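Novice: Following this message is one structure expressed as structure tokens.
The values are calculated or read from the model by the stated rules, or taken from the named source; none is laboratory data. The structure displayed is predicted, hence computed values, not measured ones. Positions of Cβ are generated from backbone atoms using ideal geometry, with glycine treated the same way; all protein chains shown enter the neighbour counts. Calculation scope for accessible area: heavy atoms of the full protein, side chains included, ligands and nucleic acids excluded. Shrake-Rupley method; radii C 1.70, N 1.55, O 1.52, S 1.80 Å.
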Amino acid sequence: MTQTKTELLKKIEAREAVIAVIGIGYVGLPLAVEFGKQGYRVIGVDVDARKVERINQGVSYIPDIATAEIAELVGKGLLSATSDYSVLHDVDAISICVPTPLRKTKDPDMSYIIAAADEITKHSRAGQLIVLESTTYPGTTDELIVPRLAGNGLKVGEDVFICFSPERIDPGNPIYGVRNTPKVIGGVTPACVEVAEALYSKPIERVILVSSTRAAEMVKLLENTFRSVNIGMVNEMAVMCDKLDVNVWEVIEAASTKPFGFMTFFPGPGLGGHCIPIDPLYLSWKLKALNYTARFIELASEVNSNMPLYVINKVMEALNEVRQTVNGAAILVLGVAYKRDIDDLRESPALDIIQLLQERGGVVSYHDKYVTTLHHEGIDLASVDLTAEALKAADCVVIVTDHTHIDYGFVADNARIVVDTRNALKNVEDPACTVVLL
Ligand SMILES: NC(=O)c1ccc[n+]([C@@H]2O[C@H](COP(=O)([O-])OP(=O)(O)OC[C@H]3O[C@@H](n4cnc5c(N)ncnc54)[C@H](O)[C@@H]3O)[C@@H](O)[C@H]2O)c1
């Protein structure tokens with residue numbers, strides 16, 4: 001079965017196009033659900049058999065997506081999942097949402113994109129739209145996706161339509177989801193963009209077209225580098241304020257009253273998640289090959305990755321004040337997910353903080369209702385209940401992630417020392433414990 005661009009566009013308009021989403025994780029599943037809600041039949045393709053099974057049972061595994069939503073779409077026959085790539089032959093559009101992590105050497109790990117692209121190449125046919133959504137370095141679509149399909153005898157822009165459209169999902173964000181977050185699309189040819197715009201403008205309120213896949217790839221890296229550099233700057237501001245004996249949180253709050261020319265960023269225990277600590281390094285890696293050093297990116301990465309050690313110093317100083325050492329101290333870490341109100345542990349600074357405390361002889365426990373057990377490179381812990389006894393038993397409590405459901409007044413009432421990396425106790429009047437801010 002092959003089809004022309006006109007036939008593909010007709011199917012998209014009639015909601016008869018079938019869509020495959022490769023990689024149904026934090027990014028792919030919400031996208032698949034939005035397409036399903038628009039009446040398209042969507043097939044999630046994932047190598048993780050547990051995810052495939054859960055989707056087919058109508059069960060969600062992503063906190064932002066309710067099981068009821070999955071169950072409804074599965075019940076209507078609009079959503080299913082499989083690990084069998086051969087389904088790709090019969091679909092009209094393919095969105096690629098596989099991971100793009102770093103290798104141990106901090107170089108991009110392109111193996112997931114390459115594996116997906118190889119499978120698409122094996123099963124593709126004329127008349128399909130292929131959109132890469134995974135965050136990656138500028139040039140990826142042109143260098144890794146286009147040559148494979150062109151090698152299949154398909155002419156890009158005539159037989160097959162290839163675009164890059166960066167995913168912008170913000171897990172845990174109650175206001176912005178797939179539907180109301182504008183989506184940028186860059187295509188290999190104008191015909192490619194035309195097809196992608198037709199499809200993506202159904203589930204997404206606003207699509208923004210740019211002139212090339214490289215421009216679209218760079219948009220995402222600008223967005224995430226912007227965050228990484230600004231967080232690095234404000235983290236260094238926290239270190240400088242500390243040396244000057246100034247409260248950085250007070251300074252930020254006052255500065256943020258300026259109605260123009262200032263954007264608020266907060267310091268913290270370090271970067272986390274699958275995006276901000278990683279994506280800028282995709283850009284600096286690419287630039288290294290062009291003999292250029294991306295100085296802002298590298299500096300921000302250095303400052304941000306030193307923050308866990310800075311937190312450890314705060315814990316050591318706080319314990320020192322009461323003639324205690326980290327060695328042998330009971331330390332309760334509050335919140336281990338990389339940001340508030342989500343369950344994602346990837347690159348979480350809590351992992352570094354716990355490891356550094358354990359290496360120094362700290363007896364570490366943690367509480368996080370979203371992460372019930374923690375097994376990571378030598379850390380084997382289970383979340384403890386947040387009781388008055390647990391708080392009282394701790395020589396030091398370290399707030400790493402400020403989940404909103406926690407009663408911070410209760411924490412302050414029962415803890416002795418709190419190292420508060422998020423200013424979570426800001427609304428607690430006259431805390432009974434010693435509070436150490438970043
Ligand atoms: N999580 C976010 O907040 C976020 C936001 C914007 C962009 N992104 C980008 O989106 C991409 C995906 O991130 P994520 O957070 O959804 O990752 P994830 O790990 O939650 O999901 C990726 C899925 O891809 C599957 N997978 C891996 N290799 C595969 C293959 N060869 N074939 C089929 N499935 C495969 C995995 O099993 C997993 O289910 C990354 O490039 C990331 O940088 C993530």
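Novice: Calculated from DSSP H runs of 4 or more alone, at -39500 (n - 2.57) each and per residue, what is the 222 nm mean residue ellipticity of the chain, nearest 500?
Specialist: -11500 deg cm²/dmol
Novice: Further, regarding this structure: Relative to the longest principal axis of the chain, what angle (0 to 90°, nearest 10) does the C-alpha long axis of helix 295-305 take?
Specialist: Helix 295-305 sits at roughly 50 degrees to that axis.
Novice: Taking amide H atoms as placed 1.01 Å from N in the peptide plane, list the residues 5 or more away in sequence, or in a different chain, whose amide H sits under 5 Å from that of D402.
Specialist: Placed amide hydrogens put R340 under 5 Å from D402.
Novice: Let me ask something else about it. Given a Förster distance of 22 Å, report the FRET efficiency between V239 and Y176 from their Cβ-Cβ distance, rounded to the nearest 0.05.
Specialist: Efficiency, rounded to the nearest 0.05: 0.10.
Novice: Name all residues of the range 402-438 having a backbone nitrogen under 19 Å from the label point set 7 Å from the Cα of A254 along its Cα→Cβ direction, giving them as ranges.
Specialist: Answer for this model: 423, 426-427, 437-438.
Novice: Per 0.36 nm of contour for each residue apart, how much would the distance between S83 and A66 grow if the chain were fully extended, relative to their Cα-Cα spacing?
Specialist: 3.9 nm
Novice: P(r) of the range 75-132 in 5 Å steps, Cα pairs, percent per bin?
Specialist: 4, 16, 24, 21, 15, 10, 7, 3, 1, 0
Novice: Quote the FRET efficiency, to the nearest 0.05, computed for N306 versus Q38 with a Förster distance R0 of 56 Å and r equal to the Cβ-Cβ distance.
Specialist: 0.80
Novice: Tell me the Kirkwood radius of the range 1-73: reciprocal of the mean inverse pair distance over distinct alpha-carbon atoms, in Å.
Specialist: Its Kirkwood hydrodynamic radius stands at 13.0 Å.
Novice: Under 26 Å between C-alpha atoms is the cut-off here; go through the range 287-411 and count lysine pairs that meet it, provided they're at least eight residues apart or on different chains.
Specialist: 6
Novice: Identify the GluC sites (Glu not before Pro) of the range 189-254 meeting these criteria: DSSP loop state and at most 13 other C-beta atoms within 10 Å of the C-beta.
Specialist: Those that pass, being in a loop and sparsely packed, are E205.
Novice: While we're here: Indicate the gyration tensor shape class of the range 1-138 (rounded, prolate or oblate), computed on the Cα atoms with a ≥ b ≥ c the square roots of the eigenvalues: a/c under 1.5 is rounded; otherwise a/b larger than b/c is prolate and the rest oblate.
Specialist: oblate
Novice: Using 0.36 nm per residue, how much length does the chain from R50 to N152 gain when fully extended, once their Cα-Cα distance is taken away?
Specialist: Length gained, R50 through N152: 33.5 nm.
Novice: What percent antiparallel are the DSSP beta bridges of the chain, to the nearest 5?
Specialist: 15 percent
Novice: Right, another one. Not counting the cut sites, what is the longest span of the chain without chymotrypsin sites (Phe, Trp or Tyr not before Pro) that DSSP labels loop and that have at most 15 other Cβ atoms within 10 Å?
Specialist: 1-175
Novice: Let me ask something else about it. Among DSSP beta bridges whose residues both lie in the range 21-166, state the antiparallel percentage, nearest 5.
Specialist: Within the range 21-166, antiparallel bridges account for around 5 percent of the total.
Novice: Write down the accessible area per residue of the range 381-428 in Å², having rolled a 1.4 Å probe over the full set of protein chains.
Specialist: 39 Å²
Novice: OK, next. Excluding A238 itself, what net charge comes from residues whose Cβ is under 14 Å from its Cβ, given Lys and Arg +1 and Asp and Glu -1?
Specialist: Residues near A238 contribute -3 overall.
Novice: Between helix 279-288 and the chain, what is the angle of the helix's C-alpha long axis to the longest principal axis, kept within 0 to 90° and rounded to the nearest 10?
Specialist: Helix 279-288 and the main axis of the chain meet at about 70 degrees.
Novice: Another question about this same structure. Pop out the ³J(HN,Hα) list for the range 232-242 in order, Karplus 6.51 cos²θ - 1.76 cosθ + 1.60 with θ = phi - 60°, rounded to Hz; leave Gly and Pro as x.
Specialist: 3J(HN,Hα) across the range 232-242, in whole Hz: x, 5, 6, 5, 5, 4, 5, 5, 5, 4, 4.
Novice: What is the diffusion coefficient of the range 313-426 in µm²/s, taking the Kirkwood radius over Cα pairs and the Stokes-Einstein relation at 37 °C with a viscosity of 0.692 mPa s?
Specialist: Answer from the Stokes-Einstein relation: 236 µm²/s.
Novice: Kirkwood hydrodynamic radius of the chain from all distinct Cα pairs, in Å?
Specialist: Mean inverse Cα-Cα distance, inverted, gives 23.5 Å.
Novice: Based on Cβ point charges of +1 for Lys and Arg and -1 for Asp and Glu, what charge dipole magnitude is obtained for the chain about its Cα centre, in debye rounded to the nearest 20?
Specialist: The calculated dipole for the chain is roughly 900 debye.
Novice: What FRET efficiency would be calculated for the residue pair E429, E317, taking the C-beta separation as r and a Förster radius of 25 Å, to the nearest 0.05?
Specialist: Once the sixth-power term is evaluated, E becomes 0.50.
Novice: Please determine, in degrees from 0 to 90 and to the nearest 10, the orientation of helix 111-123 with respect to the longest principal axis defined by the Cα atoms of the chain, where the helix direction is its Cα long axis.
Specialist: 20 degrees
Novice: May I ask you to order 184-191, 413-420 by the average number of other C-beta atoms within 10 Å around their residues, highest value first?
Specialist: 413-420, 184-191
Novice: Where both partners of a DSSP beta bridge lie in the range 299-438, what percent of those bridges are antiparallel, to the nearest 5?
Specialist: Restricted to the range 299-438, the bridges split so that about 20 percent are antiparallel.
Novice: Something else: Viscosity 1.306 mPa s, temperature 10 °C: Stokes-Einstein D of the range 163-208 from its Kirkwood Cα radius, in µm² per second?
Specialist: My calculation gives 144 µm²/s for D.
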